[in-house]
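Note sheet for the following structure.
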Amino acid sequence: MDGKDAELYKGKLNGLGEEFIYALIDNPYECPIVIGRDGIICFMSRYCKELLGIDGKDAIGKHITEVVSDTQLHEILKDGKARIGDTLYIAGRQQLISRIPIKDQDGNVLGAVGKGMLNEVKRLWDLQSKIELLDGQLQYYQSQVNKLKGGDTIIGTCPPIQEVKEKALLAAQTTTNVLITGESGTGKEVLAYFIHQSSPRANKPFIKVNCASIPPELFESELFGYEPGAFTGARSKGKPGKFEMAHGGTILLDEVGELPLPMQAKLLRVLQEKSVDRLGGTRTVPVDFRLIAATNRDLSEMIKEDKFRIDLFFRINVFNILAPSLKEIKEDIPQIAKHLLSQLKSEITWGPSRISRDAIQLLQNYSWPGNVRELRNVLEKASIIAKNDSIRIEDLPEQIRTPTQEAPGEKEPHLTGTLKQILQDTERQVIE
C-alpha cells in the first residue's frame with residue numbers, strides 16, 4: 001500500500017468515528033494485546049482481565065513477559081513472521097492464539113498483536129472430536145467394504161429363506177434389538193447388514209464388532225473408546241469406541257456369547273442409558289444406535305451355567321431370527337453357489353465363471369457342516385485349480401466327490417462330552 005492509498009483508507013476510517021474504531025479493536029472475541037518493537041505493551045483489551053487477572057490500564061507500559069509469563073508474543077518481533085492459530089497455554093488455560101507482526105510501509109516491524117479465540121475454543125474441541133470420529137469411521141469402512149460387498153442381498157427363494165427375509169424386513173422397520181442365532185457359517189453378518197440396509201438408518205454407519213476376536217483387556221477401550229493418555233500405548237489424541245462410531249446407525253455384536261461377564265454388565269448399562277463413558281474420561285457421551293447381536297451358541301444354556309447374564313439376554317433377544325443351515329435350503333445351493341462364484345471372480349480377477357451341472361448335483365448332495373462359509377471355501381479352492389471356464393467334478397474336494405464317504409459332521413448323533421468339546425471335535429473334523 002503506497003502513501004496515497006494509506007491516506008485514502010485513513011480518511012475512511014476517520015469517517016467512522018473514534019468510538020467505532022475502538023469497538024472494532026477492543027472486542028471480547030479476540031481480546032487483543034499490542035506491543036511495540038521493544039516488547040512494551042501499548043494496548044490491552046479490557047476483556048483480558050477475566051483471563052489474565054490484570055486490568056488493561058495497569059498493564060500498559062510494562063513488558064509483555066511481566067504481565068503474561070508464558071507468552072510467546074515477543075518472539076514475533078525477531079523474525080516478523082505471523083503465527084496463525086497456534087494452541088498455547090496462557091494463564092494455565094489452553095487457548096487458540098494468532099500472533100501477527102505490525103509493519104510499516106517499508107516492511108519494518110513496529111510491534112506485534114496477539115489475538116485469541118477465547119470464546120470459541122470449546123467449539124473447536126467439539127469439532128476436533130467429530131473429525132476424529134469421522135476418521136475412525138472412514139478407516140473402519142475401508143477395512144470392511146470388501147467383506148460387505150454384496151451383503152445387502154439375501155440369496156435364495158425356498159420357504160426358510162423367504163421366512164427369514166420377511167422377519168428381517170419386519171425388524172428393519174423398528175429400532176428393536178435383534179438377536180440372530182444359527183450355526184457357524186450361516187451368514188448371520190449378511191442378514192444383519194440386510195436389516196440395516198432395509199431400515200431408515202441405511203445411510204448411517206454399520207459397525208461390526210467380532211466379540212470373539214478382541215482380547216479381554218481391550219474390550220472396554222474398543223467398545224467405548226478412550227481419552228488421551230488413558231493407558232500405556234494409548235493414542236495421544238484418544239480414540240472413539242465402536243458405539244460412538246455407530247452413532248445414528250447400527251452396531252452388530254457378532255459372537256456376543258463370547259463377551260466376558262464384566263463387559264456384559266457394562267453393555268447392559270449402555271443399552272439402558274444409550275450413553276458411553278470413554279476409558280479415562282470424565283464426561284458421558286450420548287449415542288444413538290440400533291443393536292443387532294449374533295451368536296452360534298445356546299445362550300439359554302450359558303445362562304444356566306452362569307456364563308451369560310439373563311437380564312442382558314432379555315435385553316438383546318427382543319426379536320429373534322434363526323438363520324437356516326445350508327442343508328435346510330439345499331434347493332437354493334445352485335443360486336447361492338453362483339452368487340459366491342461371481343464374488344470370488346471379482347476378488348481374484350480370474351477363474352471360472354460357471355459350475356457344471358454334475359458339480360452342482362454333488363454340492364447339493366453334501367451335508368455342509370460348515371454351511372455357507374464352507375461352500376465359499378470349496379468354491380475358492382476349485383476356482384484356483386480349475387483348468388477351464390467351468391468348475392467340474394474333478395475340481396471339487398474328495399469328501400464332496402465321494403458320496404459314499406461319510407462327510408464330516410454327517411454321523412448320527414453319538415455325541416459325548418461338553419458342548420465346547422463337541423464343537424472342538426466337529427471343527428477338527430471339518431479342517432481335516
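If I take all pairs of Cα atoms in the range 200-318, what percentage of them are more than 20 Å from each other?
It works out to 42 percent of all Cα pairs.
In whole Å, largest first, what are the principal axis extents of the Cα atoms in the range 246-295?
Principal extents (largest minus smallest coordinate, Cα): 33, 25, 16 Å.
Highest mean first, what order results for 357-365, 246-254 on Cβ atoms within 10 Å?
Top of the packing list down: 246-254, 357-365.
Expressed as a whole percentage, what fraction of the accessible surface of the range 277-384 belongs to carbon and sulfur atoms when a 1.4 Å probe is rolled over the protein heavy atoms?
Ligands and nucleic acids excluded, carbon and sulfur give 49 percent.
Say each of D104 and Q72 gets a label point 7 Å from the Cα, pointing the same way as Cα to Cβ; how far apart are those two points in nm?
Taking the two extended label points, one gets 2.9 nm.
With the full set of protein chains in place, find how many percent of the accessible area of the range 18-81 is carbon and sulfur; take the probe as 1.4 Å.
Solvent-exposed carbon and sulfur of the range 18-81 make up 52 percent of the total.
How do K274, K130 stack up against each other in accessible area, from largest to smallest, with a 1.4 angstrom probe?
Descending accessible area places them as K130, K274.
Can you pull a Stokes-Einstein diffusion coefficient for the range 340-395 at 4 °C (1.567 mPa s), Rh from Kirkwood over Cα pairs, as a whole number of µm²/s?
114
Explain nothing, just the number: dipole magnitude of the range 231-310 about its Cα centre with +1 on each Lys and Arg Cβ and -1 on each Asp and Glu Cβ, in debye rounded to the nearest 20.
About 480 debye.
Would you mind getting the accessible area per residue of the range 165-212, heavy atoms of the protein chains only, 1.4 Å probe, in Å²?
Here the residues of the range 165-212 average 40 Å² of exposed surface.
Could you provide, to the nearest whole Å², the per residue accessible area of the range 224-334 with probe 1.4 Å?
45
The values are calculated or read from the model by the stated rules, or taken from the named source; none is laboratory data. Since the model is a prediction, treat every value here as computed from it, not as a measurement. FYI the Cβ positions are ideal-geometry reconstructions off the backbone, even for glycines, and counts take in every protein chain you see. For the accessible areas, the whole protein counts, side chains as well, though only heavy atoms, and no ligand, DNA or RNA atoms are used. Shrake-Rupley method; radii C 1.70, N 1.55, O 1.52, S 1.80 Å.
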